[in-house]
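The values are calculated or read from the model by the stated rules, or taken from the named source; none is laboratory data. Just so it is clear, the structure is predicted and the values come from calculations on it, not from any experiment. Cβ: placed from backbone, ideal geometry, glycine included. Neighbour counts: every protein chain shown. In case anyone asks, the SASA skips ligands and DNA or RNA and just uses the protein heavy atoms, side chains included. Shrake-Rupley method; radii C 1.70, N 1.55, O 1.52, S 1.80 Å.
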Amino acid sequence: MRNQNPFDKVVPIEEALRHFHDGMVLMVGGFGGVGNPPSLIQGILDKNVKDLTLISNDTAFPQIGVGKLVTERRVKRVIASHIGSNPNAGAQMTAGELEVEFCPQGILAERIRAGGVGLGGILSDIGIGTIAEEGKQKVTVGGKTYLLETPLTAEVAIVHAKRADRLGNLIYDTSARNFNPLVAMAGDLTIVEADEIVETGELDPEEIVTPGVFVDMIVQSEGVNWRWAWEK
């Protein structure tokens with residue numbers, strides 16, 4: 001039974017999965033699969049959610065992290081910094097089955113941050129004079145021309161934390177911190193998958209990276225269900 005405390009954000013994964021549907025915009029934390037939330041991704045697959053617009057740093061590997069969603073053809077559009085580690089993504093793009101919007105990694109991170117903090121966009125001179133400027137508004141500031149990079153948000157953002165308290169304060173596992181803190185801010189609904197859930201007050205305030213104000217739901221992780229390349 002769910003805790004009746006109205007401030008308690010821990011829910012069964014089945015309750016969290018009710019918020020995923022065909023055609024939705026989904027943002028996922030992680031980098032090359034590291035920091036992707038495995039149980040939520042598996043839940044999306046099991047629920048047969050499809051036609052996703054995926055916002056993520058990358059498309060991971062074919063059978064790792066968000067790469068599984070691409071491999072199983074659940075994604076129709078991707079906004080990412082690269083897809084090279086997942087041959088299935090490249091093949092689908094070449095075949096015209098997957099729309100891909102490439103964005104330099106730093107710009108992608110800033111677009112997500114802008115979405116999370118409510119900015120109207122960011123200005124960057126990256127891509128001026130190249131095909132990267134096509135379709136983008138140009139803004140002149142101090143005599144210099146910039147491209148307006150629009151903010152990114154999603155209907156649901158999912159992140160993977162090492163530890164969470166029941167109010168949603170989060171600590172990440174070393175490099176799994178990567179895009180997760182930014183993604184946590186940018187969802188209309190943010191769902192956290194945590195390896196360990198502790199009582200409120202047990203986390204060292206100095207170690208908390210994402211404050212609970214950004215988190216709507218927390219589910220218990222069942223652990224990584226893939227093998228990393230270095231384990232083979």
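The residues on offer are Arg73, Arg77, and the sole one that is surrounded by fewer than 16 Cβ atoms within 10 Å (Cβ to Cβ) and in a strand (DSSP E or B) is Arg77.
Across region 59-70, which residue is most open to solvent (accessible area, probe 1.4 Å) among those that are assigned to a helix (DSSP H, G or I) and touching a Leu at 6+ places or on another chain (Cβ under 8 Å)? Full working, then the answer.
Looking only at region 59-70, we keep the residues that are assigned to a helix (DSSP H, G or I), and these are 67-70.
Still in the list and also touching a Leu at 6+ places or on another chain (Cβ under 8 Å): 68-70.
On the way: Lys68: 25, Leu69: 0, Val70: 1 Å².
Out of the qualifying residues, it is Lys68.
Restricting region 80-92 to residues that are within 23 Å of Ile126 (Cβ to Cβ) and part of a loop (DSSP other than H, G, I, E, B) leaves a set whose member that is nearest to the chain's Cα centre (by Cα) is Ser81.
Does Asn180 meet the test of being among the polar types (S, T, N, Q) and open to solvent by 10 Å² or more (accessible area, probe 1.4 Å)? Don't jump to the end; show me each part of the working.
Numbers: among the polar types (S, T, N, Q): yes; open to solvent by 10 Å² or more (accessible area, probe 1.4 Å): no.
Against the criterion (among the polar types (S, T, N, Q) and open to solvent by 10 Å² or more (accessible area, probe 1.4 Å)), Asn180 does not qualify.
Any idea which of Thr174, Thr153, Thr200 is hydroxyl-bearing (Ser, Thr, Tyr), more than 26 Å from Leu54 (Cα to Cα) and open to solvent by 20 Å² or more (accessible area, probe 1.4 Å)? After ruling out the rest, the residue left standing is Thr200.
Residue check: Met27 meets all listed conditions (1) in a strand (DSSP E or B); (2) crowded, with 20+ Cβ neighbours inside 10 Å; (3) over 11 Å from the mean Cα position of the chain (by Cα) but one, namely (3). Evaluate region 46-57: report whether one residue or more is under 27 Å from Ala132 (Cβ atoms), of a type outside the set (A, V, I, L, M) and assigned to a helix (DSSP H, G or I). No, region 46-57 has no match at all.
Just one of (1) open to solvent by less than 60 Å² (accessible area, probe 1.4 Å); (2) more than 30 Å from Met217 (Cβ to Cβ); (3) touching a helix residue (DSSP H, G or I) at 6+ places or on another chain (Cβ under 9 Å); (4) small (Gly, Ala, Ser) fails for Gly90. It is (3).
Where in region 132-179 are there strands (runs of 3 or more DSSP E), lying wholly inside it, with at least 3 residues that are under 29 Å from Gly33 (Cα atoms) and in contact (Cβ under 8 Å) with a residue 12 or more places away in the chain?
Once the strands (runs of 3 or more DSSP E) in region 132-179 are filtered for at least 3 residues that are under 29 Å from Gly33 (Cα atoms) and in contact (Cβ under 8 Å) with a residue 12 or more places away in the chain, what remains is 154-165.
Quick check on my filter: what residues within region 119-145 are exposed (fewer than 10 other Cβ atoms within 10 Å of the Cβ) and either modelled with pLDDT under 95 or of a type in the set (Gly, Ala, Ser) (or both)? Hits for region 119-145 are Gly120, Gly129, Thr130, Ile131, Glu134, Gly135, Gly142, Gly143. Pairs are defined by a Cβ separation below 7 Å, a sequence spacing of at least 6 or placement on different chains, a first member in region 93-119 that is on the phi < 0 side of the Ramachandran plot and in a loop (DSSP other than H, G, I, E, B), and a second member that is crowded, with 17+ Cβ neighbours inside 10 Å and among the hydroxyl-bearing types (Ser, Thr, Tyr); the pairs so defined are Cys103/Ser81; Pro104/Ser81.
Does region 30-50 contain at least one residue that is touching a residue at least 40 places away in the same chain (Cβ under 8 Å), under 16 Å from Thr153 (Cα atoms) and open to solvent by 20 Å² or more (accessible area, probe 1.4 Å)? Looking for residues that are touching a residue at least 40 places away in the same chain (Cβ under 8 Å), under 16 Å from Thr153 (Cα atoms) and open to solvent by 20 Å² or more (accessible area, probe 1.4 Å), one finds none in region 30-50, hence no.
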